Amino acid sequence: MDTFPKCSVCHQEFTLKGQVPYLLPCLHAVCETCVTSAAGGVISCSKCQREVNLTDTSLQKDAVRQKQIFHLTVKHRPTELLCTHEDDGNQAVCWCQECEEFLCEYCQNMHSSFKLSRNHVVHNFGDINPQNLEIETNCSIHERYPLDLFDKSCIMCICSQCRRGEHADHEVGYLDEAAEGVTQRIEQHGKDLSALLSRQQTHLQSIRQETQLTNRTQDTLRKTIEHTFRSLRSQLDQREKELLIDLESQTRETKATLHALEASCEEHHARCTDISGYIRKCLLYASKSVLLQLETTVEGMTRTCLETASPETHDVPEAVFNTNGLSKLKSDMSGFGNITTLKEDSEGGTPEDKQTQTDDDYLADLEQKHKMELAKLKSTIALDNERTEQLQQLTDKLNADANNMKLMLAEKEQSCQVALENIHHLQTFLIDFPTEGCVHLLKTGVADRRMVLHCLHLKYDKDRVNLDYVDINTEGDLVNRKSDTRPAGEGRLKNYSGTCSSAPLPRAGCPQYWEVESRVNLHEILTGYTLILEVGVCREEQRDVYHRLGGSAGSYSMTVTHCTAHGAICRMTWKEGEYVLHQPDTLPNTAGASHTLHYGVVYDDARKKIVFIDVKENKVISTLDNVDSSQPLWPMFGVYNSRSLTVSMTLVVGSDINMTEEKKAMIVKALS
């Protein structure tokens, strides 16, 4: 259920019959009690920590949130609404816009029979939406005249009589034109904030990747240090502990720095999200006059967000394990090894060992030193050949370990450089990516649009639903039952038993993905050819040719059907009017059985492919090649046969999709 707004000071939820919300300059809401009881006349917003001096600032009622509270109460708490016409305590069922009253069924009938009110606009609770809550307001001075003009000098709405009176010499325009200009400017503020939020999301992801890289670096260096000191046996135990403590300390500092950057960025992101959300509410709920009043405040908060710089991560140092100076290891054990960062190395702050000796010198010195030790042993213990052989093996092992360590460090440095370059390329690539929905990399580190999966934010087109056969319920699901309340109207589908998406698929040059989860209840055993549901895409002119897509040219679909060929429930894939795959399913065909079917659809206009996936079984159903993408394709959704079964289809889109690594690998394999 949608969340009711709360007071940003006492956190009490606003209700329709409760206290009126007042609008703070930061666009958060505060209740009347907190306004009147503010200590010293100062209110502190708990969401953004901004303080407002009420002696310098006059708060206005938050008309946007008032209308939002009204809409949410009607939508989610209709049982709390009682008839206000007669105050008889009856349950209200509708709202008269002109009388501004809730009516029960009895009062509604009486209201419709009176001559004065029979032409009033009355909305049933199920039909109320933010758009039809707009009320044309008359002038408070000239009550018969509507407020249809806007005085730019006085910044207020006026009527035609006011225009002829005290506002005669002012700059006056039509209210609709003035409101349209403000709407466009506020919409632009929303777009600017959306772009900023997208960049912040990319920046947060970069910080988290840096944190992960720091953790991986810590793990790698830990293993390297432990391996080195195991090879040097007991003489290195104490120094090993010291370096591990040093590594922990520097890693803790790096994590603390990254955590501080992340907290700062998340705080800025949260502030921008709040303002962006309020802008969306303004565009949804605010009247024209309220939009004009809010423009300056919204513009100021938007500019504050846009001008606030995001913290950078390029100054965060990365730890490396420096093993220079091994040639003096046994004679100068206390000074061997230290943990440094890439930043320190780039600035010339190298450890002391870096000034003394290279790894090649170390190997030569180490070999010479062991030869001297062997000569001494041979001169003193001539007959101890077995011990001499053991010492030679130890020398070879130390040399091999040193070479391996040098190779590991070189490979680590190269892999870090490649990872940083990939992150930079990926950030640059995602800047212009669509903000709706969410994206996933199909292959990590590959900055290629063809390897980015866009989880679309699809919506059912409620204005095109074929209400003779299907409907969209209050939860937003497509169900296979005829609508009893809404008229068919113009522009709706007449033949297709379902609906389409609200917009065609964009030509994005990358794979696009959405899912449908359907709950199916069988009333009886299915016989003959019985359609259950369908998902697919088609060209615009094919959307309403037949009751399904399966037999239409220019369409690509997958149907779940009881067929006579197998005498079972089957999945059939169709392409350009012909089926290309017919698979019996394992669903039991018994009366009273309930099933949950979860399917995914991948559309790739660059590769000209469509893939249908069974999400529950985690496998590809079929892949259609050579898809004609020369014209825009529309996602389609069909549900059928209400006499034999009940179908409720839910769209799973955007960030609601559970995108696992296994699912990514399956999609990559199907598209390759």
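Residues that are among the small types (G, A, S) and assigned to a strand (DSSP E or B) were ranked within segment 585-604; the one that is surrounded by the fewest Cβ atoms within 10 Å (Cβ to Cβ) is S594. Within the option set E51, E101, E105, being of a type in the set (D, E, K, R) and surrounded by 14 or more Cβ atoms within 10 Å (Cβ to Cβ) holds for one residue only, E101. The set of residues from segment 622-633 being open to solvent by 30 Å² or more (accessible area, probe 1.4 Å) and either under 29 Å from I472 (Cα atoms) or of a type in the set (A, V, I, L, M) (or both) comprises Q631, P632.
Taken over segment 605-625, the criterion of being in a loop (DSSP other than H, G, I, E, B) and closer than 12 Å to L671 by Cα is satisfied by D605, A606, R607, K608, D625.
Taking the criterion of being of a type in the set (G, A, S), open to solvent by less than 60 Å² (accessible area, probe 1.4 Å) and at pLDDT below 85, the residues of segment 288-314 that qualify are S289, S310.
Is it fair to say V611 is more than 28 Å from the chain's Cα centre (by Cα), open to solvent by less than 50 Å² (accessible area, probe 1.4 Å) and closer than 25 Å to H457 by Cα? Spelling it out, it is not the case that V611 is more than 28 Å from the chain's Cα centre (by Cα), open to solvent by less than 50 Å² (accessible area, probe 1.4 Å) and closer than 25 Å to H457 by Cα. Within segment 20-35, if we keep just the residues that are in a loop (DSSP other than H, G, I, E, B) and touching a helix residue (DSSP H, G or I) at 6+ places or on another chain (Cβ under 8 Å), the residue that is nearest to K6 (Cα to Cα) turns out to be H28.
Looking only at segment 448-478, count every residue that is aliphatic (A, V, I, L, M) and touching a Ser or Thr at 6+ places or on another chain (Cβ under 8 Å) and tell me the total.
Of the residues in that region, 6 qualify.
Within segment 36-47, one or more residues are part of a loop (DSSP other than H, G, I, E, B) and open to solvent by less than 20 Å² (accessible area, probe 1.4 Å). Restricting the first member to segment 220-232 and to residues that are of a type in the set (V, I, T), and the second to residues that are open to solvent by 50 Å² or more (accessible area, probe 1.4 Å), the beta-carbon pairs closer than 7 Å and six or more apart or on different chains are T224/M408.
Selection of first residues in segment 75-88 that are over 15 Å from I128 (Cα atoms) and of second residues that are surrounded by 13 or more Cβ atoms within 10 Å (Cβ to Cβ) and among the polar types (S, T, N, Q), restricted to Cβ pairs under 6 Å at least 6 apart or on distinct chains, gives the following pairs, ordered by first then second residue: C83/N90. Can you confirm whether segment 430-441 contains a residue that is at pLDDT 80 or above and open to solvent by less than 10 Å² (accessible area, probe 1.4 Å)? No, that holds for no residue. Of the strands (runs of 3 or more DSSP E) lying entirely inside segment 138-250, those containing at least 2 residues that are open to solvent by less than 70 Å² (accessible area, probe 1.4 Å) and of a type outside the set (G, A, S) are 149-151, 156-158.
Restricting A553, A591 to those that are among the small types (G, A, S) and more than 36 Å from the chain's Cα centre (by Cα) reduces the list to A591.
Going by what's in this entry, would F70 be described as hydrophobic (A, V, I, L, M, F, W, C), open to solvent by 50 Å² or more (accessible area, probe 1.4 Å) and either under 26 Å from L283 (Cβ atoms) or out of contact with any His (no Cβ under 8 Å at 6 or more places or on another chain) (or both)? Spelling it out, it is not the case that F70 is hydrophobic (A, V, I, L, M, F, W, C), open to solvent by 50 Å² or more (accessible area, probe 1.4 Å) and either under 26 Å from L283 (Cβ atoms) or out of contact with any His (no Cβ under 8 Å at 6 or more places or on another chain) (or both). Taking the criterion of being closer than 21 Å to N658 by Cβ and hydrophobic (A, V, I, L, M, F, W, C), the residues of segment 579-609 that qualify are L597, V601, V602. V647 meets each of the listed conditions (1) free of Cβ contacts under 8 Å to residues at least 24 places away in the same chain; (2) within 19 Å of L533 (Cα to Cα); (3) aliphatic (A, V, I, L, M) apart from (1).
The values are calculated or read from the model by the stated rules, or taken from the named source; none is laboratory data. Not measured: the values here are computed from a predicted model. Because the Cβ atoms are built from the backbone with ideal geometry, glycine has one as well, and the counts that use them run over all protein chains shown. Surface accessibility is based on the protein's heavy atoms, side chains included, excluding ligands, DNA and RNA. Shrake-Rupley method; radii C 1.70, N 1.55, O 1.52, S 1.80 Å.
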